[in-house]
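Remarks on the structure that follows.
The values are calculated or read from the model by the stated rules, or taken from the named source; none is laboratory data. Just so you know, these numbers come straight off a predicted model, no measurement behind them. Please note: Cβ atoms are built from the backbone with ideal geometry, for glycine as well, and neighbour counts cover all protein chains shown.
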Amino acid sequence: MPLPTAAEMEIDDSKLNRFLFKEVEILPLVAFRIIFGLTTFISSLRFLLLGWVDLHFVETKIQFKYFGFEWVPLMPEAFMYALHFLMLLSSIGIFLGAYYRIATITFFICFTWCELIDLTYYLNHYYFVSIIAFLMMFLPANKAYAFDAFKNPKTTQKKVPAFTINILKFQLIVVYFFAGIAKINYDWLILAMPLKIWLPAHSDMPVLGTLFKQEITAYLFSWVGMLFDVFVGFLLLFSSTRIWAWLCIVVFHSLTGYLFQIGVFPIVMTFSTLVFFSNNFHQKFIFFFSKFISFFRFEPSVEAPKLKTNISLNKLALLVWVGFHLLFPMRYLLYPGNHFWTEEGYRFGWRVMLFEKAGTATFYVTDANTNKEGVVDNTDFLNAHQEKQMAMQPDMILQYAQFLKKYYETKGLTVSKVRAEVYVTLNARPSQLLINPQENLLNFRDSWATKTWIKPLEN
């Protein structure tokens, strides 16, 4: 096969430059800023009103850490509340486009800090919000229809480089596409698990409840759910299919939000995908808010200065960003066995509600001085959600073993061994031992390497 000529490469590079750096209307970026600021404000306020600051960060005796982020500290109660109030204020700043750079940086630091304190509460949409907040720090979303633009008209921009909007579209497509790819597995498509378990539990739902009792409904939802996730992001790219794709998103997220109580994730995804819509739509969207916020009526100057874009640097940054977000979710392929069972490479891969898994874990601590073994009451140290998550996630089991060693040594014991009898059920399979109950968990350390001490799943 002949290699492309220099002229052909130059033409291709020119096409890429036009795709990334051509000047486009700023309207979708402004609308996305408004949506992101509003949804993060609602989410932060909801977290405070539900008392989750106390539950997650104050009334806990142990925090389970993400590997590599053990250094992220839990701060005193007043500081944790301050972080959440800063999130509220910075969300308002993002929404209004007021002191935007400070607001986005503040929100990203505060939100990601809280997210990294305890992996017990890992959710895909927390990861998504951190990613978008990071991107927003670099995007010129305050250059029009914003307090900053009103305050300093000379900085306004009517147009922005296309990549500032396309990168947001890319990130949304990634979420859906990888969620769909993850559903292409035996349990989801052939066994209709876990929907075969979940749907009948909602048989009291008006209208659809009767259908949820039928096994065929679980299969239908499994296949439709997979196809929806794989294709919906791409269908949003085309004007002929966009409105239908978005209506499917509304129905899909409304239904999943009602059935599974998954917080604000359905709201975030439903409204974030409006970034795919036309400039005319975004103009009307911004006009709605301008009825209540006067400086949203301040349009950017038509004679705004020519955009200055460092093409080479931006192309490199985009290459790194896109490459990471395409490869990192696939890292589970590097690990042997069923990753639903081992959970190796599972987090940060857009695997959304793929299995029904539960476990029971009984820990035993041995004192080296007396060689006596005692049984641990997990409720002495863990809240209900921590115990539930720990009992089925191997890295949390290891961390808990180390915690128990340190705790009992403060009580005068010399702990030589911590073992655990952990039974886990995955998608209605009979309970199986997750690890050898005679193994001394103190001999193992968490790492990126394969956890050979996890027993294989027996189908």
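Side notes on the structure shown:
- The set of residues in the stretch 382-411 that are aliphatic (A, V, I, L, M), farther than 12 Å from I62 by Cβ and part of a helix (DSSP H, G or I) comprises A384, I397, L398.
- Put simply, of N440, N378, N369 the only residue that is at negative phi, touching a Lys or Arg at 6+ places or on another chain (Cβ under 7 Å) and of a type outside the set (A, V, I, L, M) is N440.
- Residue in the stretch 253-261 that is crowded, with 16+ Cβ neighbours inside 10 Å, within 30 Å of L326 (Cα to Cα) and at pLDDT 95 or above present: no
- The residues in the stretch 409-420 that are closer than 16 Å to N440 by Cα and either of a type in the set (F, W, Y) or buried (at least 16 other Cβ atoms within 10 Å of the Cβ) (or both) can be counted, and the count is 5.
- The C-beta contact set for the stretch 173-192 (first residue farther than 12 Å from R351 by Cβ, second residue assigned to a helix (DSSP H, G or I) and charged (D, E, K, R), distance under 9 angstrom, 6+ apart or interchain) comprises Y176/D229; F177/D229; A192/E215.
- Hits in the stretch 248-300 - residues which are within 29 Å of the chain's Cα centre (by Cα) and aromatic (F, W, Y): F252, Y258, F260, F265, F271, F276, F277, F281, F285, F289
- The listed residue being buried (at least 17 other Cβ atoms within 10 Å of the Cβ), at pLDDT 95 or above and among the hydrophobic types (A, V, I, L, M, F, W, C), out of F328, F285, F324, F276: F276
- Qualifying residue in the stretch 346-369 (condition: among the acidic types (D, E) and in a helix (DSSP H, G or I)): no
- Pairs with Cβ under 8 Å, 6+ apart, first in the stretch 437-449 and over 20 Å from L119 (Cα atoms), second of a type outside the set (D, E) and assigned to a loop (DSSP other than H, G, I, E, B): E439/W453
For (1) free of Cβ contacts under 8 Å to residues at least 12 places away in the same chain; (2) within 28 Å of K406 (Cβ to Cβ); (3) crowded, with 18+ Cβ neighbours inside 10 Å, each residue gets a yes or a no:
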| site | (1), (2), (3) |
| --- | --- |
| K61 | no, yes, no |
| F64 | no, yes, yes |
| F69 | no, yes, no |
| M80 | no, yes, yes |
| H84 | no, no, yes |
| F107 | no, no, yes |
| T112 | no, yes, yes |
| E115 | no, yes, yes |
| T120 | no, yes, yes |
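- Scanning the stretch 145-168 for residues that are touching a strand residue (DSSP E or B) at 6+ places or on another chain (Cβ under 9 Å), aliphatic (A, V, I, L, M) and either under 30 Å from N383 (Cα atoms) or not in a helix (DSSP H, G or I) (or both) turns up V160, A162.
- Yes/no for T342 being at pLDDT 95 or above, polar (S, T, N, Q) and either surrounded by 19 or more Cβ atoms within 10 Å (Cβ to Cβ) or more than 30 Å from I173 (Cα to Cα) (or both): yes
- Breaking point among (1) crowded, with 18+ Cβ neighbours inside 10 Å; (2) closer than 30 Å to L48 by Cβ; (3) at pLDDT below 95, for S294: (1)
- For the stretch 315-343, a residue qualifies if it is closer than 30 Å to D377 by Cβ and under 17 Å from the mean Cα position of the chain (by Cα), and exactly one does: E343.
- Positions within the stretch 24-37 being more than 18 Å from the chain's Cα centre (by Cα) and surrounded by fewer than 22 Cβ atoms within 10 Å (Cβ to Cβ), in sequence order: V24, E25
- Matching helices (runs of 4 or more DSSP H) fully within the stretch 39-141 where at least 3 residues are modelled with pLDDT under 95 and assigned by TED's automatic domain parsing to the domain that holds I293: 124-136
- In the stretch 193-210, the residues that are surrounded by 15 or more Cβ atoms within 10 Å (Cβ to Cβ) and either touching a residue at least 60 places away in the same chain (Cβ under 8 Å) or within 21 Å of F228 (Cα to Cα) (or both): M193, P194, L195, K196, W198, L199
- Test: residue in the stretch 405-424 that is under 25 Å from D54 (Cβ atoms) and in contact (Cβ under 8 Å) with a residue 60 or more places away in the chain: no
- Matching residues, the stretch 412-455, being part of a strand (DSSP E or B) and under 24 Å from G374 (Cβ atoms): V415, S416, K417, V418, R419, A420, E421, V422, Y423, V424, L433, I435
- Among (1) of a type outside the set (G, A, S); (2) modelled with pLDDT under 95; (3) crowded, with 21+ Cβ neighbours inside 10 Å; (4) farther than 27 Å from R347 by Cα, the one test that F19 misses: (3)
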